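Structure first, then comments.
The values are calculated or read from the model by the stated rules, or taken from the named source; none is laboratory data. Treat the numbers as computed from the prediction; the structure is a model and nothing was measured. Note: ideal-geometry Cβ built from the backbone for every residue, glycine included; neighbour counts use all protein chains shown.
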Amino acid sequence: MGIKSLKSWWKHAKRRILTLRFLIKSGQSFELIKLETKLVIYHLLFYPLIRVFWSKKKAESLFSSLKRGNEDLILCFPSFADPKIKIPFSDDLLFGEIFLENVYHHEKISKNMVVVDVGAHVGFYSLLASWKVGEKGKVIAIEPDPENFEIF
């Protein structure tokens, strides 16, 4: 593995660890925490070895097999009123960008604002924005992809 590969590996490992920390702190289900723990251990310990001794394709194939059968995560946010969000497991990296890494700068949203989420995907950011703007605020979510809209 070269320097670029190591940086990419560490970035993904760090995101997995942040996700696990979030799941534990927010009181998520044991099954969800157990699955994410397996993914963290695999990513930190086994992925580099498999990648070095076999190939990137083999390492990613084994990682995907760990996720198989767990396509949907059910996340319950205690800080929200009471919604349960069904998040496709394939979108766990997007979840990390929005809720853990703050790539979309949600700290700039405040009460009573109007937020327009263009390309809302499956609504993670829209949900966060709606919680932050409150009852008097407004969130307009636009998603053109029919599959994403169906999940939304």
| task | Provide a single number: the residues in the range 33-76 that are in contact with a strand residue (DSSP E or B) (Cβ under 6 Å, 6 or more places away or on another chain) and at pLDDT 75 or above. | result | 0
| query | When residues of the range 1-41 are filtered for being free of Cβ contacts under 8 Å to residues at least 12 places away in the same chain and within 18 Å of residue 60 (Cα to Cα), how many remain? | reply | 9
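Given the criterion loosely packed, with under 13 Cβ neighbours inside 10 Å, at pLDDT below 80, of a type in the set (Val, Ile, Thr) and not assigned by TED's automatic domain parsing to the domain that holds residue 152, identify the matching residue among 98, 3. Break it down stepwise before answering.
Details: 98 fails: loosely packed, with under 13 Cβ neighbours inside 10 Å.
Selected residue: 3, the only one of 98, 3 that is loosely packed, with under 13 Cβ neighbours inside 10 Å, at pLDDT below 80, of a type in the set (Val, Ile, Thr) and not assigned by TED's automatic domain parsing to the domain that holds residue 152.
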| query | Within the range 9-31, is there a residue that is at pLDDT below 75, in contact with an Asp or Glu (Cβ under 9 Å, 6 or more places away or on another chain), surrounded by 13 or more Cβ atoms within 10 Å (Cβ to Cβ) and not hydrophobic (A, V, I, L, M, F, W, C)? | reply | yes
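From the list 108, 132, 86, pick out the single residue that is among the basic types (Lys, Arg) and modelled with pLDDT under 75. First the steps, then the outcome.
On the way: 108 fails: modelled with pLDDT under 75; 132 fails: modelled with pLDDT under 75.
Result of the check over 108, 132, 86: 86.
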